[in-house]
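Colleague: Please read through the structure below; I'll follow up with questions.
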Amino acid sequence: MTQYFTSRQGAIKRLMDLKRQFARGYSLFTIDGWRCDGVEVNGLDQVLLNVRAGRILSFRHADADGDQLVYIS
(Lines give C-alpha, C1' and ligand atoms only; values in the text may rest on other atoms or scores of the structure.)
Protein backbone atom coordinates (compact mmCIF):
# COMPACT_ATOMS: atom_id res chain seq x y z
CA MET A 1 0.00 0.00 0.00
CA THR A 2 1.37 3.37 -1.05
CA GLN A 3 0.79 6.32 1.28
CA TYR A 4 0.55 9.96 0.18
CA PHE A 5 0.11 13.24 2.03
CA THR A 6 -1.62 16.13 0.27
CA SER A 7 -3.56 19.32 0.84
CA ARG A 8 -7.30 19.57 0.41
CA GLN A 9 -6.88 21.14 -3.04
CA GLY A 10 -4.50 18.33 -4.06
CA ALA A 11 -7.03 15.73 -2.92
CA ILE A 12 -9.81 17.42 -4.91
CA LYS A 13 -7.62 17.48 -8.01
CA ARG A 14 -6.73 13.79 -7.57
CA LEU A 15 -10.39 12.80 -7.11
CA MET A 16 -11.48 14.83 -10.15
CA ASP A 17 -8.82 13.05 -12.24
CA LEU A 18 -10.16 9.70 -11.04
CA LYS A 19 -13.70 10.80 -11.88
CA ARG A 20 -12.63 11.67 -15.44
CA GLN A 21 -10.89 8.30 -15.83
CA PHE A 22 -13.99 6.50 -14.59
CA ALA A 23 -16.23 8.45 -16.97
CA ARG A 24 -14.05 7.41 -19.91
CA GLY A 25 -14.16 3.80 -18.75
CA TYR A 26 -10.39 3.49 -18.31
CA SER A 27 -10.38 1.76 -14.96
CA LEU A 28 -12.55 0.34 -12.24
CA PHE A 29 -11.65 1.29 -8.70
CA THR A 30 -12.93 1.58 -5.16
CA ILE A 31 -12.83 4.74 -3.04
CA ASP A 32 -13.41 4.72 0.72
CA GLY A 33 -12.98 7.78 2.93
CA TRP A 34 -12.90 8.46 6.66
CA ARG A 35 -14.45 11.60 8.09
CA CYS A 36 -13.15 13.53 11.09
CA ASP A 37 -15.89 12.03 13.29
CA GLY A 38 -14.88 8.45 12.34
CA VAL A 39 -17.70 7.73 9.91
CA GLU A 40 -16.74 5.82 6.77
CA VAL A 41 -17.82 7.31 3.43
CA ASN A 42 -18.04 5.11 0.32
CA GLY A 43 -18.04 6.05 -3.34
CA LEU A 44 -16.21 8.62 -5.39
CA ASP A 45 -18.95 11.26 -5.39
CA GLN A 46 -19.55 11.05 -1.64
CA VAL A 47 -15.83 11.21 -0.83
CA LEU A 48 -15.37 14.18 -3.19
CA LEU A 49 -18.34 15.99 -1.63
CA ASN A 50 -16.94 15.48 1.88
CA VAL A 51 -13.40 16.51 0.86
CA ARG A 52 -14.76 19.75 -0.58
CA ALA A 53 -16.59 20.36 2.70
CA GLY A 54 -13.40 19.70 4.69
CA ARG A 55 -14.74 16.67 6.58
CA ILE A 56 -12.41 13.92 5.24
CA LEU A 57 -9.15 12.99 6.99
CA SER A 58 -8.04 10.32 4.51
CA PHE A 59 -9.26 8.12 1.70
CA ARG A 60 -8.22 4.83 0.11
CA HIS A 61 -8.08 4.35 -3.64
CA ALA A 62 -7.90 0.70 -4.74
CA ASP A 63 -7.59 -0.46 -8.34
CA ALA A 64 -5.82 -3.15 -10.35
CA ASP A 65 -2.44 -1.42 -9.83
CA GLY A 66 -2.69 -1.56 -6.03
CA ASP A 67 -3.90 0.42 -3.02
CA GLN A 68 -3.13 4.05 -2.29
CA LEU A 69 -3.86 5.68 1.04
CA VAL A 70 -4.12 9.47 0.82
CA TYR A 71 -3.92 11.62 3.97
CA ILE A 72 -5.30 15.15 3.77
CA SER A 73 -3.68 17.89 5.84
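Colleague: Okay, helix-only estimate at 222 nm for the chain: each DSSP H run of n ≥ 4 adds -39500 (n - 2.57), divide by all residues, round to 500 deg cm²/dmol; what do you get?
Modeller: Dividing the helical sum by the residues of the chain leaves -11500 deg cm²/dmol.
Colleague: Next question. When the accessible area of the chain is computed with all protein chains present and a 1.4 Å probe, what percentage of it is carbon and sulfur?
Modeller: 49 percent
Colleague: Here are a few candidate values for semi-axes √(5λ) of the Cα gyration tensor in Å: [x] 18, 13, 11; [y] 20, 14, 11; [z] 26, 16, 11. Which one was actually calculated from the structure I just gave you?
Modeller: It is the one labelled [x].
Colleague: Considering only protein heavy atoms, what is the solvent-accessible area of LEU28 at a probe of 1.4 Å, reported in Å² to the nearest 10?
Modeller: 140 Å²
Colleague: Next up: Can you give me the distance in nm between label points at PHE22 and GLN3, each placed 7 Å from the Cα along the Cα-to-Cβ direction?
Modeller: 2.5 nm
Colleague: Using a cut-off of under 14 Å, list every residue of the range 55-73 whose amide N is near the label point 7 Å from the Cα of ASP32 along the Cα-to-beta-carbon line.
Modeller: Label zone hits: 58-63, 67-70.
The values are calculated or read from the model by the stated rules, or taken from the named source; none is laboratory data. All values derive from a computational prediction rather than experimental measurement. Heads up, the Cβs are rebuilt from the backbone with ideal geometry, glycines too, and the neighbour counts pull from every protein chain shown. We work out accessible area using only protein heavy atoms, side chains counted, and drop any ligands, DNA or RNA first. Shrake-Rupley method; radii C 1.70, N 1.55, O 1.52, S 1.80 Å.
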